[in-house]
Amino acid sequence: MKEIAILGSTGSIGTQTLDVVRNNQDIKVVALTAGSNIEKLEEQIREFHPKVVALWNEKSAKDLRKRVSDLPVEVLAGMDGMISCATISDANIVVTAVVGMIGILPTIEAIKAGKDIALANKETLVTAGHIIMPLVKEYNVSLLPVDSEHSAIFQALNGENPKEVSRILLTASGGPFRGKKKKDLQNIQLEDALKHPNWLMGRKITIDSSTMVNKGLEVIEAKWLFDIDFEQIQVVIQPQSVIHSMVEFADGGVIAQLGTPDMRLPIQYALYYPERRPLPGDRLDFYKLSQLTFEEPDMETFKGLKLAYLVGKTGGSMPTVYNAANEYAVAKFLNKEIKYLEIIDMISYALDSHQYISDPSVQDILEIEQETYHNLKEKWK
């Protein structure tokens, strides 16, 4: 019996992880965390009967305690509550599906507690990869990628010698604005940016996909996951979202992982690796598919991707600023407080304003996040 904790259970990845649990009879959910969605978390508690849950603020936790007072579940709050869920003794794998740098500390503590990590929180490696990866080795735990692209790379590398990798071909759909130029994006509205052509995702990651900042974050994450230089990571636009990523080897051979755009596949693969389980859902029909197409990304129109390579190569505290500025800017855009193109303007401003730190600690990272928010709030009043 696998026993899992899910951090961010009410979000897109969290709810799809619970779909995987429903489809299998040998996974027990022992802990869940959420931000503020009390109603959804209560439903999950009543269905999956975890031992402990956590919400971000105490007021929400107090409300939830009343709602589930008839059940034997402990309801905690705040970062301490998240860490308690991430380190619960029963769990042997922790699914980190929270959005943002809030996932760093629980992930670190879970690793120290000897838990395997199914990683869907890319910000953890983007900002703290230099801390996380040594801890994974020190505590001899597995770090299994849940992002569809990184899972595809992980699958393509299975059984191969990583020293023979020539380059990683990280695919991207191109988002809803593929083929457009900067002048075409001047008056983009929120509703336009939320219309992803292939994937059904959370609002924040959907906006990130439209700006290609999400792909930039994935480039940095890939560097840490697969111990590879940025020069060996190439982004390829694959509009059909059928090839989820590829690996090219020294002899010129390329191994690709293909499938329908269904996040349950990489989630289930991470939970059961190296076993493959049956998964209900659509299958690729190559007769109907007829063709796969590829394009080079436009890094001038989608400058967020270009910036990701620059901050990734610089390293240190710069990826934290990039990520924090994007989080702040996207939240503003989702609230319709800034224009679409201002997202990248805010990231650029934050990077230019930052005093570089070569080897940031976890405390430094969290302080840089708040400093970045403050600088942007002062500039965009």
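Going by the structure shown, is residue 327 in contact with a strand residue (DSSP E or B) (Cβ under 8 Å, 6 or more places away or on another chain) and either within 27 Å of residue 188 (Cα to Cα) or at pLDDT below 95 (or both)?
For residue 327, the condition - in contact with a strand residue (DSSP E or B) (Cβ under 8 Å, 6 or more places away or on another chain) and either within 27 Å of residue 188 (Cα to Cα) or at pLDDT below 95 (or both) - is not met.
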> Would you pick out the residues in the range 280-299 that are modelled with pLDDT of 95 or more and either at positive phi or among the acidic types (Asp, Glu) (or both)?
Replying inline: 295, 296, 298
> Of all residues in the range 273-302, which are among the aromatic types (Phe, Trp, Tyr) and either touching a strand residue (DSSP E or B) at 6+ places or on another chain (Cβ under 8 Å) or free of Cβ contacts under 8 Å to residues at least 60 places away in the same chain (or both)?
Replying inline: 273, 286, 287, 294
>> For the range 335-363, give me each residue that is in contact with a Gly (Cβ under 8 Å, 6 or more places away or on another chain) and closer than 20 Å to residue 314 by Cα.
In response: 344, 347, 356, 357, 358, 359, 360
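Of the residues that make up the range 87-98, is at least one farther than 30 Å from residue 207 by Cα and either in a helix (DSSP H, G or I) or open to solvent by less than 30 Å² (accessible area, probe 1.4 Å) (or both)?
Yes: the range 87-98 contains one or more residues that are farther than 30 Å from residue 207 by Cα and either in a helix (DSSP H, G or I) or open to solvent by less than 30 Å² (accessible area, probe 1.4 Å) (or both).
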> residue 324 passes all but one of (1) over 26 Å from residue 227 (Cα atoms); (2) crowded, with 23+ Cβ neighbours inside 10 Å; which number fails?
Replying inline: (1)
>> Take the residues in the range 2-23 that are open to solvent by 30 Å² or more (accessible area, probe 1.4 Å) and in a helix (DSSP H, G or I); name whichever of them is modelled with the lowest pLDDT.
In response: 12
>> I'm trying to understand the selection: among the residues of the range 140-175, which are open to solvent by 10 Å² or more (accessible area, probe 1.4 Å), within 26 Å of residue 193 (Cβ to Cβ), at pLDDT 95 or above and in a loop (DSSP other than H, G, I, E, B)?
In response: none
>> Quick check on residue 183: is it in a helix (DSSP H, G or I) and either closer than 24 Å to residue 17 by Cα or under 21 Å from the mean Cα position of the chain (by Cα) (or both)?
In response: no
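Residue under question is residue 119, and the condition is that it be hydrophobic (A, V, I, L, M, F, W, C) and open to solvent by 20 Å² or more (accessible area, probe 1.4 Å); does it hold?
Here the answer is no, as residue 119 does not meet what is asked.
Keeping to the range 239-254, report how many residues are under 17 Å from residue 173 (Cβ atoms) and either in contact with an Asp or Glu (Cβ under 8 Å, 6 or more places away or on another chain) or free of Cβ contacts under 8 Å to residues at least 12 places away in the same chain (or both).
The qualifying residues number 3.
The values are calculated or read from the model by the stated rules, or taken from the named source; none is laboratory data. What you see is a predicted model; the values in this text were computed from it and never measured. When we count neighbours, we look across all protein chains shown, and the Cβ atoms used for this are built from the backbone with ideal geometry, even at glycine. Each accessible area value is taken on the protein alone, full model and side chains, heavy atoms only, with ligands, DNA and RNA left out. Shrake-Rupley method; radii C 1.70, N 1.55, O 1.52, S 1.80 Å.
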